[in-house]
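Since the structure comes first, as structure tokens, the remarks are kept for the end.
Bear in mind these aren't lab numbers, they're just calculated from the coordinates by the rules spelled out. Computed from a predicted model, the values in this text were never measured in an experiment. Here Cβ is always computed from backbone atoms with ideal geometry, including for glycine, and neighbour counts include all displayed protein chains.
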Amino acid sequence: MSAGASGYNDYSLFVWDLRTSSPIEEREKSSDILCAEVCEDDKNVFVGNSAQLVKHIELNSGPSEAMSPPHGDAVTCLTKYRGILVSGSKDKSMKYWDMRTRQLMHSHPDSHHNVITCMTSDEDFIYTGCKDNIVKAWQFKEISKDQIDEDQEDKENTSEKITLKIEDREEEFDKYKADVESYMLGHSAQINSICAMNDE
């Protein structure tokens, strides 16, 4: 089966069999669904809603789960990138989620200067559009603790402060990083949609 999903202001989520154009299941009656992503296994769907939540829904009448922590405003867009779910929000932030565990991997506040309106991805980048007329291309990667400490050392001039900060996060540190690789300028108003295509 090849499945798709659509959400509506009546709070409903429809899952469709794309080969027959027929609905498979209707779910979710809690808040406006603003975006949806179907997993490759056609058994799980992620949705973003006006209640600031990213939710995981197991199809065939399975359970639904709100992923934590929520955004600070409505979740406007979702995309999949190398096995990771990425969410964008009216709060201008992006969050990166492990699709298997549904745990937050990394949060990037103020990813844009204005509301994030749309996003997509290809094999190399995550692309985001927003109300500030800019498209950004992002790379999300895992980094080692040594790299984090080197970055911190470049920013701090006092070795004592560096030592304290390294000791404070001996057990826990953010091992993921999201960087803007390029900006695409040219629009004169809000960007409403965006898509990307992988090379054949």
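Looking at the structure I just gave you, is residue 6 surrounded by fewer than 17 Cβ atoms within 10 Å (Cβ to Cβ), of a type in the set (Ser, Thr, Tyr) and in contact with a Phe, Trp or Tyr (Cβ under 7 Å, 6 or more places away or on another chain)? Yes; evaluated as a whole, the condition is true for this residue. Across region 29-64, the qualifying residues are those that are under 30 Å from residue 114 (Cβ atoms) and acidic (Asp, Glu), and the one among them that is surrounded by the fewest Cβ atoms within 10 Å (Cβ to Cβ) is 32. Of all residues in region 9-28, exactly one satisfies the criterion of being crowded, with 19+ Cβ neighbours inside 10 Å and more than 21 Å from the chain's Cα centre (by Cα), namely 27.
Just to be sure before I move on: is residue 47 under 14 Å from the mean Cα position of the chain (by Cα), over 15 Å from residue 11 (Cβ atoms) and not polar (S, T, N, Q) in the structure I sent? No.
Here region 82-96 is the region considered, the condition is being farther than 26 Å from residue 26 by Cα and free of Cβ contacts under 8 Å to residues at least 60 places away in the same chain, and the residue that is surrounded by the fewest Cβ atoms within 10 Å (Cβ to Cβ) is 82.
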